[in-house]
Amino acid sequence: MRERTGPAGRAVFWRPQLGSIAVSILTAIYLLALTNRSFWEKGWLYLDGRATTFASIVIGIACLYIALCVTVSVKYVMKPIFILLILTSASGAWFMDSYGTIIDMEMLRNAAETNSAEAGHLITPGFLFHMLVFGVLPSALLVWVNVQHYTFFWKLRANLVVIVPALIIALVAGFSHARVYAATARTHRDWFQTLNPVIPLVTAARFAVRQTADRNVVAAPIGEDARIGDAPLGVRKPRLMIVVAGETARADNFSLGGYGRETNPELKAKDIRYFSDTTSCGTATAVSLPCMFSVYTRSAYSHDKGLATQNLLDVLSHAGVDVEWWDNNTGSKKIAARVKERSLIEGGDPRYCSGGECRDQVLLDNLDGWIGSVQKDTVLVLHQIGSHGPAYFERYPQEFRRFTPDCRTAEFSDCTREEIVNAYDNTILYTDHILAGVIDRLEKEQGRLDVSMLYMSDHGESLGEFGLYLHGAPYMIAPSQQTHVPFVLWLGKDAKAAYSAACLDAETTKPQSHDNLFHTVLGLMRVETKVRDPALDLVSRCRSGALS
């Protein structure tokens, strides 16, 4: 609204004027009231609807937010900080409210290591509209307001008049029900992890520090004593083992494990072994994948240890095995840093690839032209895109739309839960086809190669259970749908003859985990080294010679 004409005839537009304390209080209330739905809903639920206890924490946190905002209400700094808080809160609220996401260190690492195509599926029209309403418009309003600032000492005194009572009230409110809050937070660790934007920003700062430190890490060698422990080439066939690193496949939806729908018709017709009780190392690719190939068990593994120590592929290389990593996902997470790594997305076949992503058929097509060249002991890792969401419909071709109606968008709010599950089950059906295709190609080479295949998914997926979707929940509170993963082993005729079928069958019903991958692959490739743990090697104890 034009109010008057300024000097030199320039138009001056009206802007509302508010003091810095008033703007700070309004910003704090906005953040808590409109971008913390998940936090307040969880609080009401976890506190069993006790109104007085809930009201006390509302007052306490509101006072803390007001004190924080008033503290940073410095001229030239205030607006940029508040805009950052508003945009961060709006973004965090969308993922927390829509998918039940917890924005912790591993979630940020997973986001940082994704590619633009994968990230693009999360930038939906719904997200953009949400950011416009809850992020951009409030930020624009903040820019529009003319904030009044005063001299330093007057401002210091006025701010302290607000900050000190706010902190006192927050302390009183907190201590009034301290036992209840402490017990609830211990029992429900996800509650305060949804506090917006404090937790996301603190986590982001910690992550940035860790990323800087990670750049200088050099992996220490392990397994340099590794060697092939049986007859040399020429006396026996070269071994070819294909390790398929699955993506977001949950065991609950594998018919091999008892799921009501037939999602594994092709694998069911193969002579495979399915390990029905297998647990993942993490709930996101950036954690699970390095851990799978690490010498460390889940209880001993950490991101720092994984970076600072060589892995399974290095030990195989030390033994003289040819090792390759083919990627149809977001990269090897540095697992293949010291072996041959190939991205199948770059320059991908247009029959399967578009928008920076490829369906997994691209793995099989490349396998056709490569497998005939294998002349020595070789391990090939195929990293699938598998069942990665939320755009499940992009993961399978038309002929695998067996379960319908299927969700044909990445915007889950536009689909029913049944449609989401149908689309997800179609991805499992397609993975079944890909794995059977790998086996078909290996079977054709049995005359000249000793072949085998091992498939293990990196983590599972939530499909609406407990109000959660996708994956990446903190492991300590993650539902089984995100940690119970499928594990398939297939042995060619030579490998099959070397092992006791009854012994291997007995292993399929025991609890297994990602901990077994490192040692079992070494066992199947007959690699002897001090770092192979016989207790975690599922096959060597079943070798015919070992049983006699």
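The values are calculated or read from the model by the stated rules, or taken from the named source; none is laboratory data. Nothing here was measured: the structure is a model prediction, and the numbers come from that model. Please note: Cβ atoms are built from the backbone with ideal geometry, for glycine as well, and neighbour counts cover all protein chains shown.
Only helices (runs of 4 or more DSSP H) whose full extent lies in segment 62-151 are considered here, and the ones with at least 1 residues that are polar (S, T, N, Q), out of contact with any Ser or Thr (no Cβ under 8 Å at 6 or more places or on another chain) and over 19 Å from Q17 (Cα atoms) are 78-99, 116-120.
Within segment 327-342, does at least one residue satisfy the condition of being without any contact (Cβ under 8 Å) to a residue 24 or more places away in the chain, more than 24 Å from E113 (Cβ to Cβ), charged (D, E, K, R) and out of contact with any helix residue (DSSP H, G or I) (no Cβ under 7 Å at 6 or more places or on another chain)?
Within segment 327-342 (the criterion being without any contact (Cβ under 8 Å) to a residue 24 or more places away in the chain, more than 24 Å from E113 (Cβ to Cβ), charged (D, E, K, R) and out of contact with any helix residue (DSSP H, G or I) (no Cβ under 7 Å at 6 or more places or on another chain)), the answer is no, since none of the residues qualifies.
Quick check on I86: is it in contact with a Pro (Cβ under 9 Å, 6 or more places away or on another chain), crowded, with 20+ Cβ neighbours inside 10 Å, at pLDDT below 90 and of a type in the set (A, V, I, L, M, F, W, C)? In short, no. D349 meets the conditions (1) within 21 Å of F518 (Cα to Cα); (2) free of Cβ contacts under 8 Å to residues at least 40 places away in the same chain in every case but one. The failed one is (1). Of all residues in segment 363-377, count the ones that are buried (at least 22 other Cβ atoms within 10 Å of the Cβ) and within 26 Å of H459 (Cα to Cα). Total meeting the criteria: 1.
Evaluate the following for E465: is it in the same structural domain as T297 (by TED's automatic domain parsing) and within 29 Å of L367 (Cβ to Cβ)?
Details: in the same structural domain as T297 (by TED's automatic domain parsing): yes; within 29 Å of L367 (Cβ to Cβ): no.
Taking the combined requirement at face value, the residue does not satisfy it.
Checking Y469, Y455, Y430 one by one, the residue that is within 18 Å of the chain's Cα centre (by Cα) and under 29 Å from N110 (Cα atoms) is Y469 and no other. For the residues V202, V172, V218, the requirement of being more than 30 Å from V451 (Cβ to Cβ), in a loop (DSSP other than H, G, I, E, B), outside the structural domain of G523 (by TED's automatic domain parsing) and of a type in the set (V, I, T) singles out V218. If you filter segment 243-290 down to residues that are assigned to a loop (DSSP other than H, G, I, E, B) and among the hydroxyl-bearing types (S, T, Y), you find that the one that is farthest from W326 (Cα to Cα) is Y259. Take segment 509-535 and flag every residue that is crowded, with 18+ Cβ neighbours inside 10 Å and over 19 Å from V321 (Cα atoms). If the condition is that a residue be crowded, with 18+ Cβ neighbours inside 10 Å and over 19 Å from V321 (Cα atoms), then Q512, S513, H514, D515, N516 are the ones that fit. Whether a residue is surrounded by 24 or more Cβ atoms within 10 Å (Cβ to Cβ) and hydrophobic (A, V, I, L, M, F, W, C) was assessed, and A473 passes this test. Condition first: surrounded by fewer than 20 Cβ atoms within 10 Å (Cβ to Cβ) and not in a loop (DSSP other than H, G, I, E, B). Now tell me which residues in segment 404-418 satisfy that. Matches in segment 404-418: S413, D414, R417, E418. Quick check on segment 39-55. Is at least one of its residues in the same structural domain as N196 (by TED's automatic domain parsing), hydroxyl-bearing (S, T, Y) and surrounded by 20 or more Cβ atoms within 10 Å (Cβ to Cβ)? Looking for residues that are in the same structural domain as N196 (by TED's automatic domain parsing), hydroxyl-bearing (S, T, Y) and surrounded by 20 or more Cβ atoms within 10 Å (Cβ to Cβ), one finds none in segment 39-55, hence no.
Take the residues of segment 105-146 that are among the charged types (D, E, K, R) and touching a helix residue (DSSP H, G or I) at 6+ places or on another chain (Cβ under 9 Å): which is nearest to A473 (Cα to Cα)? The residue in question is E106.
To keep it simple, each residue is scored yes or no on (1) within 30 Å of Y76 (Cβ to Cβ); (2) surrounded by 14 or more Cβ atoms within 10 Å (Cβ to Cβ); (3) under 37 Å from the mean Cα position of the chain (by Cα).
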residue	(1), (2), (3)
T114	no, yes, yes
L122	no, yes, yes
L132	yes, no, yes
L141	yes, no, yes
V162	yes, yes, no
A173	no, yes, yes
S176	no, yes, no
Y181	no, yes, yes
T187	no, no, yes
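Condition check ((1) touching a residue at least 40 places away in the same chain (Cβ under 8 Å); (2) aromatic (F, W, Y)) across all residues:
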residue: L470; (1), (2): yes, no
residue: M476; (1), (2): yes, no
residue: P479; (1), (2): no, no
residue: H484; (1), (2): yes, no
residue: A498; (1), (2): yes, no
residue: K510; (1), (2): yes, no
residue: F518; (1), (2): yes, yes
residue: V527; (1), (2): yes, no
residue: P534; (1), (2): no, no
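Which pairs do you get when a residue that is of a type in the set (K, R), found in segment 398-426, comes within reach of a residue that is assigned to a helix (DSSP H, G or I) and modelled with pLDDT of 95 or more, reach meaning Cβ atoms under 6 angstrom, with the pair 6+ apart or on two chains? Pairs found: R401/N426; R402/L429; R408/F393. Please count how many residues of segment 468-508 are part of a loop (DSSP other than H, G, I, E, B), of a type in the set (A, V, I, L, M, F, W, C) and touching a helix residue (DSSP H, G or I) at 6+ places or on another chain (Cβ under 9 Å). Here the count works out to 3.
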